[in-house]
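The values are calculated or read from the model by the stated rules, or taken from the named source; none is laboratory data. Everything numeric in this text was worked out from a predicted model, so none of it was measured. A quick note on method: Cβ atoms are made from the backbone with ideal geometry, for glycine too, and the neighbour counts reach across all protein chains shown. Only protein heavy atoms, including side chains, enter the accessible area calculation; ligands, DNA and RNA are left aside. Shrake-Rupley method; radii C 1.70, N 1.55, O 1.52, S 1.80 Å.
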Amino acid sequence: MVIGVLAVQGAFIEHEKMLEALGATTFEIRQKKDLEQHMDGLILPGGESTVMGKLLKELELFEPLKALIENGLPVFGTCAGMILLADELSNDEKRHFATLPVTVRRNAYGRQLGSFHARAQMKGVGEIPMTFIRAPFVEQTHGADVLATVDGNIVAVRYQNQLATAFHPELDEDPSVHRYFLQMCAS
Ligand code: GLN
């Protein structure tokens, strides 16, 4: 299994380590020519969605990646990656790939709750640790399945080939969510 990891900004190395520990091969996507390689799946990591969105356009990665996602390439967006996928942002004028039918609120927990940990059930995965860092959450889904909630807020969703979590499974020891994603890539 070969997974391309968007590596223009943010927490991408942790994803690579976790995927490789699960037996996958990873490569970093930093420029257009990196997309000449075959990939079975794509990771959009956490970081700063505004910066990533801007870099994606400047590096001419935006259109080809959007086309790959629309054509069914399995994609997993964590935190800022979830924001990049959402087709609606309730507190931002910008849209990015806009392929995932959810309304997402950026920095949804406010300053005080900027970062925190939780444990909760995720459908198809089990009970897992969840690390939130200035995280978004899904305010509303208009098509995506809800896979997990924390305190009534939606923090994981799936829509066809697209998986998104508001939290950072790559920062915890438990590789279950990445294993779930690799199963999506295999089928
Ligand atoms: N707050 C960031 C954003 O709005 C996301 C934070 C993260 O990815 N850890 O893009």
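The table for this structure:
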| read-out | value |
| --- | --- |
| Mean ellipticity per residue at 222 nm, deg cm²/dmol - from DSSP H runs of n ≥ 4 across the chain, formula -39500 (n - 2.57) | -7000 deg cm²/dmol |
| Alpha-carbon Rg/Rh ratio, for the chain, with Rh computed the Kirkwood way | 0.92 |
| For the chain, share of DSSP beta bridges that run antiparallel, in % to the nearest 5 | 55 percent |
| Loop sites in segment 61-144: GluC sites (Glu not before Pro), DSSP, at most 13 other Cβ within 10 Å | E93 |
| Separation of the T149 and L59 label points, Cα + 7 Å toward Cβ, nm | 3.7 nm |
| Computed E for R30/R95 - FRET, C-beta separation, R0 25 angstrom, nearest 0.05 | 0.60 |
| Computed log₁₀ I(q)/I(0) - Debye formula, equal Cα scatterers, no solvent, segment 21-75, q 0.20, 0.25, 0.28, 0.31 Å⁻¹ | -0.80, -1.19, -1.38, -1.47 |
| Among the listed pairs K57/K123; K32/K94; K33/K123; K17/K94; K32/K123, those beyond 27 Å (Cα-Cα) | K57/K123; K33/K123; K17/K94; K32/K123 |
| Gaussian network model of the chain, Cα within-10 Å springs - most flexible of Q160, Q37, Q121 | Q37 |
| Within the accessible area of segment 1-102 (1.4 Å probe), percent carbon and sulfur | 49 percent |
| Solvent-accessible heavy-atom area per residue, rounded to whole Å², over the chain at 1.4 Å | 45 Å² |
| Cut-off 9 Å between beta-carbons: net charge of the residues surrounding E88, Lys and Arg +1, Asp and Glu -1 | -1 |
| Computed log₁₀ I(q)/I(0) - Debye formula, equal Cα scatterers, no solvent, segment 1-106, q 0.13 Å⁻¹ | -0.42 |
| Order of exposure, largest accessible area first, which applies to Y159, Y180 with probe 1.4 Å | Y159, Y180 |
| Size of electric dipole in segment 39-187: Cβ of Lys, Arg +1 and of Asp, Glu -1, about Cα centre, debye, nearest 20 | 220 debye |
